[in-house]
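Enquirer: The structure's right below; bear with me while I get my questions together.
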Amino acid sequence: MAQDDQLPDLTPTAWAILGFLSLKAQSGYEILRAAKRSMEAFWGISNGQLYPQLHHLAEQGLIRPAGEAEGPRSRQRWEITDLGRSALRAWLESLSSPVQIRDENLVKLFFAGGGSPDLVGRLLEERKKIFSQFEKVIDAVLPGDRLPEAEQAASLGAPELLFRYGKHFTKSTMRWIDQEESRMLAALRKADEDDKDKEDEDDEERS
């Protein structure tokens, strides 16, 4: 396993760009399109991030221009160097950073426990809509952005693996929301029944 101090000082976005260039020579525009179609759901790349990172990678000797700029907009295509391919392999073998989730809806749910059940219910419904939209993003991944069957076998199907992970993640979250909504409804029904029983007991005592 590669040591982190042996790796070039690159951002995760730069490593992603290097990964795309390891597949084939591409222009910045092509990288943006490929990233949007394939990995936007878990790691987006913007114009403002892409082009400075391309020049930084070139300065590090990890990529180089692939021929002259082409097309009416003079788009420069880039290709990975042997040094870049070695660095990418070392990064793939290094330890990943801990996953950090920043989720406003979960923060609200954390503090909504002292509020009304209606508030918690609205937040759960909001979360259901968020993940329904997230599932549409995953479903929009184009088949052409996943490897052909022969290459899937050689790569252990990594792109398809991530696609299935995204589908499983969203469906598991939706099931959890449904379970929590059912649990809340059951708790509310029990609370209503307890209140009714208490009222009946009070009526009997008064009579």
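Enquirer: Go through the range 48-62 residue by residue and tally those that are free of Cβ contacts under 8 Å to residues at least 24 places away in the same chain and either of a type outside the set (Gly, Ala, Ser) or loosely packed, with under 13 Cβ neighbours inside 10 Å (or both).
Expert: So the answer is 5.
Enquirer: Another question, then. For SER22, state whether it is among the polar types (S, T, N, Q), over 15 Å from the mean Cα position of the chain (by Cα) and buried (at least 19 other Cβ atoms within 10 Å of the Cβ).
Expert: So SER22 fails the test.
Enquirer: Next question. Condition check: at pLDDT below 90, over 28 Å from PHE163 (Cα atoms) and not assigned by TED's automatic domain parsing to the domain that holds GLY166. Does GLU68 satisfy that? Before you say what the answer is, go through the steps one by one.
Expert: Values: at pLDDT below 90: yes; over 28 Å from PHE163 (Cα atoms): yes; not assigned by TED's automatic domain parsing to the domain that holds GLY166: yes.
When the stated conditions are applied, GLU68 passes them.
Enquirer: Go through the range 135-180 and report how many residues are modelled with pLDDT of 80 or more and over 17 Å from the mean Cα position of the chain (by Cα).
Expert: Final tally of qualifying residues: 6.
The values are calculated or read from the model by the stated rules, or taken from the named source; none is laboratory data. None of the values given here were measured: they were computed from a predicted structure. Don't worry about glycine lacking a Cβ; one is built from the backbone with ideal geometry, like all the others, and counts go over all protein chains shown.
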